[in-house]
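Asker: Quick one: structure below, then a few questions.
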Amino acid sequence: MKILILGAAGMIGRRLAQALSAHDLTLVDMIQPDQPGAICMARDLTADPAPLLAGRPEAIIHLAAVVSGEAEADFAKGYAINLDASRALLEAIRAIPGYRPKLLFASSIAVFGTPFPDQIPDDFHLTPRTSYGTQKAMTELLISDYTRRGFIDGLSLRLPTICIRPGAPNKAASGFFSNILREPLVGLPAVLPVEDSTRHWFASPASAVGFFTHALGLDLGQFGAARALNMPGLSATVAEEIEALRRVAGQKAVDLIEVKRDETIAAIVAGWPCDFTATRARAAGFVAETSFDQIIAAHLT
């Protein structure tokens, strides 16, 4: 299968490209991806996307985005990349006669906003409280409409917060969920900017890759007109994260976590949902971890 991955140099993109290496891959990002056997391109994602479609990829996996904290801090950049570039891609697809690729979009649980029920059902309304969530929600609607009109066969996958993210911290407001585990596991300090009672919705990088590889093999027609799915995950508090860290690495690792409240991050995270039924996704075969012990184990393997 010919597959185009946008945002392929990111953490999920790199892992996904490796998982799909048996396919004919074109990998695109602002920084040139590096994978033997694939066509790798460095490209400004706000540029004309038409050349990326010249080979008519059968599937497009759209991971490219400005992360939550950066989208909130830089309004124009967030909309240019998270919304305008996505619409330009859809328009470039529509301009090719007889072309209808499968398009999988990395959306986010940030499309939801307070007030929440205890557990969010699949039909809960979209009321994002951040620019990032608004941009993701608008792109979801575009993908559903372009699918309805027959231009694409699309599906938006609303990802949980991915944890534990490897590498250095980024500008995502959710980054601390990973930082307070990743750094102490290797003997480094980390900052906790929210209360440990904060509850959130999580899945590992391996689960995120599994969501997309699983979706590639599905008949998306089974989802009807509702072309956005809440991915399964684990609902847990920061305190539960820390207890899992204590079980794995001991109190010495927990002692490396410094509580230093950040009102900006706390306000953003307080507007995010923390538990989902994910009934439709689970029925379609999507799976994720059920404990933070599993998430830490996945990071350490």
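The values are calculated or read from the model by the stated rules, or taken from the named source; none is laboratory data. Everything numeric in this text was worked out from a predicted model, so none of it was measured. All Cβ positions, even for glycine, are placed from backbone atoms using ideal geometry, and neighbour counts span all protein chains on display.
Asker: Can you tell me which residue among LEU155, LEU192, LEU218 is assigned by TED's automatic domain parsing to the domain that holds ILE257 and among the aliphatic types (A, V, I, L, M)?
Answerer: LEU192
Asker: Test each condition in (1) at pLDDT 95 or above; (2) more than 22 Å from VAL191 (Cβ to Cβ) for ILE242 and report the one that comes out false.
Answerer: For ILE242, the exception is condition (2).
Asker: Another question, then. Since ALA42 meets every condition but one in (1) within 23 Å of PRO169 (Cβ to Cβ); (2) in contact with a strand residue (DSSP E or B) (Cβ under 9 Å, 6 or more places away or on another chain), which condition does it not meet?
Answerer: Failed condition: (1).
Asker: Pick from PHE223, PHE211: which is touching a Lys or Arg at 6+ places or on another chain (Cβ under 8 Å) and assigned by TED's automatic domain parsing to the domain that holds LEU63?
Answerer: PHE223
Asker: Tell me whether the range 16-23 contains one or more residues that are free of Cβ contacts under 8 Å to residues at least 40 places away in the same chain, closer than 24 Å to PRO205 by Cβ, assigned by TED's automatic domain parsing to the domain that holds ALA208 and touching a strand residue (DSSP E or B) at 6+ places or on another chain (Cβ under 7 Å).
Answerer: Yes: one or more hits.
Asker: Anything in the range 254-292 that is assigned to a helix (DSSP H, G or I) and within 16 Å of THR161 (Cα to Cα)? List them, or say none.
Answerer: Passing the criteria: ILE265, ALA266, ILE268, VAL269, ALA270, PHE292.
Asker: Let me ask another. In the list ALA42, ALA76, ALA106, which residue meets the criterion of being in contact with a helix residue (DSSP H, G or I) (Cβ under 9 Å, 6 or more places away or on another chain) and either assigned by TED's automatic domain parsing to the domain that holds ILE265 or among the small types (Gly, Ala, Ser) (or both)?
Answerer: On the way: ALA42 fails: in contact with a helix residue (DSSP H, G or I) (Cβ under 9 Å, 6 or more places away or on another chain); ALA76 fails: in contact with a helix residue (DSSP H, G or I) (Cβ under 9 Å, 6 or more places away or on another chain).
The conditions single out ALA106.
Asker: Output the helices (runs of 4 or more DSSP H) that fall wholly within the range 170-253 and possess 3 or more residues being in contact (Cβ under 8 Å) with a residue 60 or more places away in the chain and surrounded by fewer than 16 Cβ atoms within 10 Å (Cβ to Cβ), or say none.
Answerer: none
Asker: From the list PHE223, PHE176, which residue is closer than 24 Å to LYS77 by Cα and over 13 Å from the mean Cα position of the chain (by Cα)?
Answerer: PHE176
Asker: Take ASP153 and tell me if it is touching a residue at least 12 places away in the same chain (Cβ under 8 Å) and either surrounded by 22 or more Cβ atoms within 10 Å (Cβ to Cβ) or of a type outside the set (Ser, Thr, Tyr) (or both). Give the steps one after another, and end with the answer.
Answerer: Details: touching a residue at least 12 places away in the same chain (Cβ under 8 Å): yes; either surrounded by 22 or more Cβ atoms within 10 Å (Cβ to Cβ) or of a type outside the set (Ser, Thr, Tyr) (or both): yes.
So ASP153 passes the test.
Asker: Something else now. Can you name the residue in the range 260-286 that is closer than 24 Å to ALA172 by Cα and surrounded by fewer than 16 Cβ atoms within 10 Å (Cβ to Cβ) and, of all such residues, is modelled with the lowest pLDDT?
Answerer: Checking each candidate, the answer is ALA270.
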